[in-house]
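Everything below concerns the one structure shown next.
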Amino acid sequence: MFSNTSNVLISSGNFIQNINSSGKPRTSFSCISYQCYFQDSAILVSDHLLEHCALGALLDAKERFDPPRCAPETREAIIKDIIAWVEENEQSASSILWLYGPAGAGKSAIAQTIAQNCKENGLLIASHFFSRTSSSSERSDGDRVIPNLSLQLLQAFPVIERYIEGVIRKDPGIFNKLRSIQMEELVIKPLHYLFQFPRDNGEPQVHNGRLIVVDGLDECSGPEVQCDLLHIIASACHHIPLPLRFLIASRPEIHIRGAFGNDSGVKRINLGDDPHANMAIRRYLLREFEKIRSNHRFGANFYPTDSRHDQQAYRKIFRTVHLPLYRHKIRPAPSRHA
């Protein structure tokens, strides 16, 4: 019954002894549930984590096909500022950056662009993109954030697999405990365990990966859960041995503002105050109008040229005419930009 297993956990069981027809005692066992941990630890860890993750919230998830990205030559100053913050080595640097703005301001596009950039340069450790409009309710479930982070940490640092395996073996119900406990056991302690393995020359391990992106926090189900996650992340920053950076993007909801408070240790970027926004919109519109003029037979007659409209006109068109609708109706759009 329990072949090829080790560390079998059995609950609510009873041993029953009967005498069979040959006069020899026969012992049987009945139980309500049992859980076997296979000797192949990779199956154990991944299976248990995957049950509690939201894979559709990952950076390269199929569910997020064609996510919003920053168009070329847009948001350049903000992207440069965030990348510099990620690469900053000073211990006095903020561990959390709050990127906020109203709906449609481009938060997710910037978060996506930053995450992709950092992944290409070996700086991204993990990401989680919330969505309340997704076909899967998992992407708005705040209880799946920490398992998601733990799974990606395991992929980034395979050496911590043994530690996470031990945590799940010791406490199979860890995923039903408080989020703060899960963060402690599945994220913070495994990272401390990572530093127990020195390099070949005996010096401490040095890891380039340092960024964790959490986008659309306001789309997580429940203000209480959103605030709890913020408090957990803020607390974790004081106990994680790596110089991790948390990029959190959301709308400036009152409860989220309250959770951040006036903490001087949090770097803030308000997209509503971006002095380059108008010029970025203008560049984007000019580029898209030129594509429409080139690809649509009536485009030359319908769309403005650079000399006929100023920045204010382009901004008004962008906000009131719903350019994305025009782009999808008039020509196919291979990717979305914001």
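The values are calculated or read from the model by the stated rules, or taken from the named source; none is laboratory data. A quick note: this is a predicted structure, and the numbers were derived from the prediction, not measured. Ideal geometry is used to build each Cβ from the backbone, glycine not excepted, and the neighbour counts take in all protein chains shown.
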Among the residues of segment 95-105, is any touching a Phe, Trp or Tyr at 6+ places or on another chain (Cβ under 7 Å), assigned by TED's automatic domain parsing to the domain that holds residue 178 and farther than 26 Å from residue 155 by Cβ? yes
Mind checking which residues of segment 73-91 are in contact (Cβ under 8 Å) with a residue 40 or more places away in the chain and under 16 Å from residue 281 (Cα atoms)? 73, 74, 75, 76, 77, 78
Exactly one of 159, 145 is modelled with pLDDT of 95 or more, in a helix (DSSP H, G or I) and assigned by TED's automatic domain parsing to the domain that holds residue 230, and that one is 145
Does residue 169 count as modelled with pLDDT under 95, touching a strand residue (DSSP E or B) at 6+ places or on another chain (Cβ under 8 Å) and assigned to a helix (DSSP H, G or I)? yes
Subset of segment 62-81 that is in a helix (DSSP H, G or I) and of a type in the set (A, V, I, L, M, F, W, C) - its residue that is modelled with the lowest pLDDT: 77
Where a residue in segment 187-216 is at pLDDT 70 or above and among the aliphatic types (A, V, I, L, M) and its partner, wherever it lies, is surrounded by fewer than 19 Cβ atoms within 10 Å (Cβ to Cβ) and not in a loop (DSSP other than H, G, I, E, B), with Cβ under 8 Å and at least six apart: 194/159
Looking at the structure I just gave you, is residue 280 buried (at least 19 other Cβ atoms within 10 Å of the Cβ) and touching a Leu at 6+ places or on another chain (Cβ under 6 Å)? no
With the first residue restricted to segment 48-69 and required to be farther than 21 Å from residue 104 by Cα and in contact (Cβ under 8 Å) with a residue 40 or more places away in the chain, and the second required to be among the charged types (D, E, K, R) and not in a helix (DSSP H, G or I), Cβ contacts under 8 Å at 6 or more apart or on different chains are 54/141
Suppose we keep only residues that are among the polar types (S, T, N, Q) and in contact (Cβ under 8 Å) with a residue 60 or more places away in the chain within segment 236-270. Which one would you say is surrounded by the fewest Cβ atoms within 10 Å (Cβ to Cβ)? 270
